[in-house]
Every structure is written in structure tokens, then in C-alpha cells.
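In what follows, a single structure is set out as C-alpha cells and then discussed.
Please treat every number below as a calculation from the coordinates, not as lab data. Here the structure is a predicted model, which means the values were calculated and not measured. Please note: Cβ atoms are built from the backbone with ideal geometry, for glycine as well, and neighbour counts cover all protein chains shown.
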Amino acid sequence: MAVARDTRLIVGCCVMKERTWAAMQQFVDRLPPASHYCSDQFDVYQQLIWPPSSAHIISEKKEETYTIESLNADLRTYLGRLKRRSRCFSRCWQALTRAIRMFTWHYNRRRRLILQHPKYRNGFPLSF
């Protein structure tokens, strides 16, 4: 997942079985332009070719990745197939992909409503 920090909208989403260089590079190539991209210290992120007009920041203490970390927690909360310490997991790759896409659509829809109506921030539930 890729998230715009200012709006907290999901701007990139890809479900992959392994975070290989080739798969991650395809994902990075599809991301919208930005002045800088932040990631954790996973080795593949450091080897990727980021857009030349931007900077890649490696967050050592997750101080630059707190937005995506909170989104990951939301994913585990709202999607039973991603909960930790559970036997519920997706055996069907397409079902997992569809669930992530549906979550992304609802999450971004809710974020847009919050951006349009800030005083109702807690009044818009993330429901499916």
C-alpha cells in the first residue's frame, strides 16, 4: 500500500505473494509522482529505482511511516482474513485481492467525506 500523508488517501495498492524486486519495482512505477517516498528498512525498498525527481527516505524508527502503519492496523481490524493469530486466512488469492480493493475503495470514500466535512470526522463509519 502507498498512502498520501497529507490526505491519508490510499494512492497505490498491490497484493503480491512475495516482495521481490521485480514486483515491487512495478508497483513503484505505477505510483503517482511525489516529492519524496518513505519506507521502512526492508532490503528491497533500498534497491528500487525511485523517480529521479523525488527522494527516498528510509525510516529507521518508523517516524516517517506512521500513516501506513495505522492503515495496516485498520486492514487487520476490518478484514478478518488478515487478522493476526487467527486461522482465518485467504486460500484464494483472487478473494484476498478483491477484499483489499473493496477495503481501499471504502477507505478512500470515507477519507474524502472527512476531508470535505471535517467536523463530522467521527461520524463516518468505515462500513461494508
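In the range 38-47, what residues are without any contact (Cβ under 8 Å) to a residue 24 or more places away in the chain and either touching a Cys at 6+ places or on another chain (Cβ under 9 Å) or surrounded by 14 or more Cβ atoms within 10 Å (Cβ to Cβ) (or both)? Talk me through it step by step, then tell me what you get.
First, pick out the residues of the range 38-47 that are without any contact (Cβ under 8 Å) to a residue 24 or more places away in the chain: 41-43, 45-46.
Tyr45, the sole residue that qualifies.
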### Query
Checking Trp50 against (1) free of Cβ contacts under 8 Å to residues at least 40 places away in the same chain; (2) under 28 Å from His117 (Cβ atoms), which single condition isn't satisfied?
(2)
